[in-house]
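This report refers to the structure that appears directly beneath it.
The values are calculated or read from the model by the stated rules, or taken from the named source; none is laboratory data. Everything numeric in this text was worked out from a predicted model, so none of it was measured. Glycine also receives a Cβ, built like all others from the backbone with ideal geometry; neighbour counts cover every protein chain displayed. To get the accessible areas, we keep the full protein, side chains included, count just its heavy atoms, and leave off ligands, DNA and RNA. Shrake-Rupley method; radii C 1.70, N 1.55, O 1.52, S 1.80 Å.
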Amino acid sequence: MPFVTAGDPDLDFTAEVIRQLVDRGSSMCELGIPYSDPIADGPVIQASYTRALDKKIKLADIFQMLGRLTPTLAAPVVTMVSYAIVYRRGLEEYVSGAKAAGVAGAIVPDLPAEESAALAEICRREDFSLIQLVTPTTPRDRARLIAERTTGFIYYVSVAGITGERNELPREIVDNVAWLRRQTDLPICIGFGISRPEHVRTLAPVSDGLIVGSAIVRRVAEASTKPRDEVLEEIGDYVAGLLAAMEE
Amino acid sequence: MPATSRVPDNSGRFGPFGGRFVPETLTRALDELAAEYDKASGDESFQAELDDLLRNYVGRPSPLYFAERLSRQCGGARIYLKREDLNHTGAHKINNTLGQALLTKRMGKPRVIAETGAGQHGVATATACARFGLKCVVYMGEEDIRRQAPNVFSMKLLGAEVRPVSSGSRTLRDAINEAMRDWMSTVETTHYMIGSVVGPHPFPMIVRDFQAVIGRETRRQCIDQLGRLPEVIVACVGGGSNASGMFYPFIEDGGVAMVGVEAGGRSDKMGDHAAPLCFGRPGVLHGSYSFVMQDEDGQTCDVHSVSAGLDYPGTGPEHSFWKQIGRVSYTNATDDEVLAAFDTLAKAEGILPALESAHAVAEAIKLATDRTPDESVVVCLSGRGDKDAQEIARLTESRKLRVES
Ligand SMILES: Cc1ncc(COP(=O)(O)O)c(C=O)c1O
């Protein structure tokens with residue numbers, strides 16, 4: 001599951017990247033809605049958000065792009081979006097706008113379980129997934145509660161930290177996810193820090209999907225200095241390599 | 001108990017405001033902090049240790065000073081200054097950092113991070129960390145490092161590491177982002193010593209409670225010195241900690257009017273000021289729901305103030321609550337009014353106020369002028385202005401050039 005930032009370097013290219021990623025075999029795509037103060041994000045995704053916002057990308061433009069793209073796309077798209085944005089748009093309006101644009105769900109990284117009741121209720125009514133996160137610092141009884149409230153899939157965050165490529169990932173992930181698996185029937189996807197085929201080989205057997213963000217965003221950013229076709233090809237090859245590691 | 005004393009509730013809500021809008025990664029640390037604070041609050045030895053530090057280390061109680069010459073110049077009400085500028089490290093910020101340092105020790109965490117705008121909270125954090133043997137990292141925007149240079153030196157001398165923040169507007173808001181990101185990765189061993197009544201629950205409550213010593217002392221001093229409570233209390237509002245500490249003990253005193261003064265900047269146009277309670281609307285920023293300057297998509301807007309400590313697009317959730325229930329009124333003072341008030345206080349009383357505090361002085365001068373000599377206006381003089389001398393010289397020079405050309 002690749003993550004891309006909406007509007008970096010522009011929305012037309014974002015659409016092309018998503019199409020390429022799906023053509024190369026991605027089973028779902030996560031689209032980051034640029035936000036001015038993303039505290040869960042490392043330098044690569046932060047910088048991509050800043051570039052997109054500098055270009056005055058608006059939520060309405062993003063939904064418009066998705067409205068054109070999703071009907072012809074073979075895989076679902078979910079948005080990663082700050083609650084600041086959802087709240088300002090209006091909870092109902094955000095969900096209905098996203099749904100009308102063909103979006104399948106939302107990951108709201110700054111909305112912990114205690115604060116999510118109102119949005120969760122609307123999502124349930126609209127049959128729109130609200131994907132919640134479990135992290136290495138989540139106590140187990142709390143993880144169970146989050147698992148009960150999540151719809152779509154559970155996002156297991158591999159590290160206590162922010163997004164960004166890591167050389168090594170903590171060894172406890174495999175055990176933690178195996179434990180979580182026994183608490184729920186929902187699919188579990190793992191994200192944060194994943195970028196290399198060896199990560200994929202270790203984590204693919206215990207998960208239902210792996211989320212790769214900064215490694216892709218960094219490659220997309222090269223479109224400002226390289227021909228776009230070349231960048232698309234490289235991103236496609238990179239993701240195909242990871243998917244091949246998944247099959248091993 | 002009256003409604004206003006029962007806030008926040010267990011989920012950190014002041015009416016609709018507050019809450020906890022942060023990544024799941026931080027939830028456990030916030031729960032632990034809330035639990036530790038709850039235990040400490042019921043522990044007499046904790047309060048005794050803090051009281052001893054406040055008296056013998058900070059120099060509390062800080063005086064309530066009758067500014068006679070300033071009052072005479074205004075020709076109206078008597079103006080009193082609550083002298084938080086006389087505290088060790090020169091501002092109210094130390095009241096909070098010592099309290100949080102004691103909590104950090106109780107939690108057994110060896111490392112502290114903080115954000116700072118004016119550098120006063122950075123210095124107060126570095127000081128508390130030196131005093132308790134804690135490792136200290138302070139995040140500060142590059143623009144603020146430039147305009148508050150003296151405090152940067154102090155922090156380093158106290159053994160803190162100052163990490164420049166070059167993202168966004170390179171001011172307080174970006175320093176908070178960077179501190180939160182650090183905390184995401186270090187939360188098991190690090191305490192985030194937030195510097196104002198902002199951020200996710202339980203921070204707005206904890207910081208208010210540690211700062212409430214200002215209002216408690218002021219209340220007692222008013223009764224001793226004036227024989228009664230004042231007509232009006234004025235404080236500046238950045239994140240809102242000095243104001244909240246000053247106002248909170250007076251909340252039930254219906255006869256006491258209270259005024260929070262935000263940064264009016266250059267004008268009331270979006271981007272020219274930092275006054276979310278005056279010009280913003282409720283939204284989510286830095287983990288809580290409160291008044292904020294945002295565009296129609298929820299993106300945080302750029303703000304401006306001559307004072308680094310007030311140059312912030314958000315505000316504490318309890319201030320939003322006090323605004324909503326009408327208990328406190330909020331206004332703003334422009335950069336020009338603030339520089340004039342700085343000058344007036346310096347010449348009339350021989351006191352250099354921090355540019356932040358000069359916002360409150362500017363409003364107090366207006367209020368006192370319209371009132372009679374049997375009335376009293378109390379100003380929270382939150383900090384001293386030594387840190388601002390150079391920046392004021394630079395601004396005065398560039399203004400002179402503008403006028404001449
Ligand atoms: C002297 C002084 N007053 C006021 C403030 C503003 O903070 P708050 O609104 O939390 O009191 C600062 C912040 O740096 C400060 O240094």
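Things to note:
- Spans of helices (runs of 4 or more DSSP H) in region B:333-405 with at least 1 residues at pLDDT below 95: B:389-404
- A Cβ distance below 6 Å, combined with a sequence gap of six or more or placement on separate chains, defines the contacts here; from region A:163-180, residues that are closer than 22 Å to residue B:23 by Cα reach residues that are among the polar types (S, T, N, Q) and buried (at least 18 other Cβ atoms within 10 Å of the Cβ) in the pairs A:163/A:214; A:164/A:214; A:165/A:195; A:165/A:214; A:169/A:158; A:173/A:158.
- Selected residue (criterion: nearest to the ligand (Cβ to nearest atom)) from residues of region B:349-405 that are more than 21 Å from residue B:274 (Cα to Cα) and among the acidic types (Asp, Glu): B:386
- Set A:146, A:162: member being in a helix (DSSP H, G or I) and out of contact with any His (no Cβ under 9 Å at 6 or more places or on another chain): A:146
- Unmet requirement for residue B:122, which otherwise passes all of (1) open to solvent by 10 Å² or more (accessible area, probe 1.4 Å); (2) within 13 Å of the ligand (Cβ to nearest atom): (1)
- Residue in region A:154-168 that is crowded, with 21+ Cβ neighbours inside 10 Å, more than 24 Å from residue A:216 (Cβ to Cβ) and either within 14 Å of another protein chain (Cβ to nearest Cβ) or under 20 Å from the mean Cα position of the chain (by Cα) (or both) present: no
- Every condition in (1) at pLDDT 95 or above; (2) over 25 Å from residue A:58 (Cβ atoms); (3) open to solvent by less than 30 Å² (accessible area, probe 1.4 Å) is met by residue B:308 except one, and the failing one is (1).
- Residue check for residue B:54: open to solvent by less than 10 Å² (accessible area, probe 1.4 Å) and outside any loop (DSSP other than H, G, I, E, B): no
- Filter pass, residue B:131 being assigned to a helix (DSSP H, G or I), of a type in the set (Lys, Arg) and under 19 Å from the mean Cα position of the chain (by Cα): no
- Output for region B:228-271, where each listed residue is among the aliphatic types (A, V, I, L, M), more than 17 Å from residue B:317 (Cα to Cα) and part of a loop (DSSP other than H, G, I, E, B): B:229, B:256, B:270
- The residues in region B:125-137 that are closer than 21 Å to residue B:174 by Cα and within 15 Å of the ligand (Cβ to nearest atom) can be counted, and the count is 2.
Residue-by-condition table, conditions (1) within 16 Å of the ligand (Cβ to nearest atom); (2) not basic (Lys, Arg):
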{"site": "B:52", "(1), (2)": "no, yes"}
{"site": "B:70", "(1), (2)": "no, yes"}
{"site": "B:74", "(1), (2)": "no, yes"}
{"site": "B:93", "(1), (2)": "yes, no"}
{"site": "B:107", "(1), (2)": "no, yes"}
{"site": "B:154", "(1), (2)": "yes, yes"}
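- Only a single criterion out of (1) free of Cβ contacts under 8 Å to residues at least 60 places away in the same chain; (2) hydroxyl-bearing (Ser, Thr, Tyr); (3) within 14 Å of another protein chain (Cβ to nearest Cβ) is not satisfied by residue B:45, namely (3).
- Scanning region B:188-198 for residues that are over 13 Å from the mean Cα position of the chain (by Cα) and either open to solvent by less than 10 Å² (accessible area, probe 1.4 Å) or within 18 Å of residue B:322 (Cα to Cα) (or both), we see that the one that is farthest from the ligand (Cβ to nearest atom) is B:190.
- Members of region A:35-90 found to be out of contact with any strand residue (DSSP E or B) (no Cβ under 9 Å at 6 or more places or on another chain) and charged (D, E, K, R), listed by number: A:54, A:55, A:56, A:58, A:61, A:68, A:89
- Of the residues making up region A:57-100, those that are within 18 Å of the chain's Cα centre (by Cα) and among the small types (Gly, Ala, Ser) are A:74, A:75, A:82, A:84, A:98.
Yes or no, residue by residue, for (1) β-branched (Val, Ile, Thr); (2) in contact with a Phe, Trp or Tyr (Cβ under 7 Å, 6 or more places away or on another chain):
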position: B:203; (1), (2): no, no
position: B:221; (1), (2): no, no
position: B:233; (1), (2): yes, yes
position: B:238; (1), (2): no, yes
position: B:248; (1), (2): no, no
position: B:260; (1), (2): no, yes
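- Single residue of region A:45-79 satisfying the filter (under 23 Å from residue A:159 (Cα atoms) and buried (at least 21 other Cβ atoms within 10 Å of the Cβ)) that is farthest from the other protein chains (Cβ to nearest Cβ): A:78
- Residues of region B:165-187 that are more than 16 Å from the ligand (Cβ to nearest atom) and either open to solvent by less than 30 Å² (accessible area, probe 1.4 Å) or over 21 Å from the mean Cα position of the chain (by Cα) (or both): B:166, B:167, B:168, B:177, B:180, B:181, B:182, B:183, B:184, B:185, B:186, B:187.
- Close pairs from region B:230-249: first away from chain A (no Cβ under 14 Å), partner near the ligand (Cβ under 7 Å from one of its atoms) and of a type in the set (D, E, K, R), Cβ under 9 Å, at least 6 apart: B:236/B:356; B:238/B:356; B:241/B:93; B:242/B:93; B:242/B:356
- Residues of region B:199-251 satisfying the condition of being among the hydrophobic types (A, V, I, L, M, F, W, C) and within 12 Å of the ligand (Cβ to nearest atom): B:203, B:207, B:210, B:214, B:235, B:236, B:237, B:243, B:246, B:247
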